[in-house]
Amino acid sequence: MFTNSYPGIRVEDGIPQRIIDDVIREDRFSLYLNNTHILDQVASNDMLRELGAGFVICEGLSDAVESVNVDGTDIWIEADTRKDVTLEMRSCGGHGIHQNEPGIVTSSLTIPPEEVYAATAEIMSDTWQKTGGVHCSVLLKEGTVVAKSCDIGRHNTVDKVVGAAELQQTDRSLCYIGCTGRQPSGMVGKVANAGIPILISRAAPTNKGINLAESVGITLINFSRGRRFTIFAHPERVTGIHQMTLNETDGTIK
């Protein structure tokens, strides 16, 4: 279950009213890689196999996983690792694996603006509307949803949809991802390690998020809301606009 019900007092125009409200649950899980504990992760208690698989891939520990098993709050992952585990503090306040800059993301994928709008619409969820306490990510391929996740942590939502693609053996280089959360370098790095070429977010980027997207070849789209969005890196993957150039004098598009 994502939520628990709690009593509260809602005050509107100074008038109190007793209510019962849905509140998002916060759970903690231990991740083990090749029988070695790597960290404890605060997450929502669903898609746990996907969380384990996606975490290993998105943190650059491996390109693929061999198996994932869940035993209570323990997630056991087997994978052929390519680097040692060194923890670092992330912008969310949690820990991830220290990352060197990911490799270049190569893909022939392009999408029209309509698919950016559609991906943004898919990010919305009943859980968010009921609680306001989760982030969401959605992974799409050819306009079809491959996986969707809501979680208390924005990083976890990316791990879970990437893990779902891995367990389904979906070619991630032909996928694009939509997220609710802001995009610092840690989030962009996760998507790069997964080999996903297009990242769409309703929220803002950071300077290092933009710089990393530019250097590793990810199309970074932010502030995607309704029928508008801003491209900060590699606009060539959005069809119909890549011929446009920015007039440095007045900022208009030619």
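Quick notes on this structure:
- For segment 113-237: Kirkwood Rh in Å [reciprocal of mean 1/r, alpha carbons]: 14.0 Å
- Charge dipole (the chain, unit charges on Cβ, about Cα centre) - positive-most of H234, T81, V145: H234
- Nearest-0.05 FRET efficiency for N35 and A203, computed from C-beta distance (R0 45 Å): 0.75
- Full-stretch length increase - D27, N45 - with 0.36 nm per residue and alpha-carbon distance subtracted: 5.8 nm
- Calculated SAXS-style log₁₀ I(q)/I(0) at q = 0.14, 0.22, 0.27, 0.31 Å⁻¹ - segment 1-56, Debye, Cα scatterers: -0.55, -0.85, -1.06, -1.20
- Range of Cα positions in the chain per principal axis (Å), largest first: 57, 56, 32
- Full extension of the segment from L174 to T144, taken as 0.36 nm per residue of separation minus the current Cα-Cα distance, would add 9.6 nm.
- Antiparallel %, DSSP beta bridges [both residues in the chain], to 5: 75 percent
Since every read-out is calculated from the coordinates, none of them should be taken as a lab result. Keep in mind that what you see is a predicted model, and the values were worked out from it rather than measured. Cβ atoms come from the backbone with ideal geometry, glycine included; neighbour counts cover every protein chain shown.
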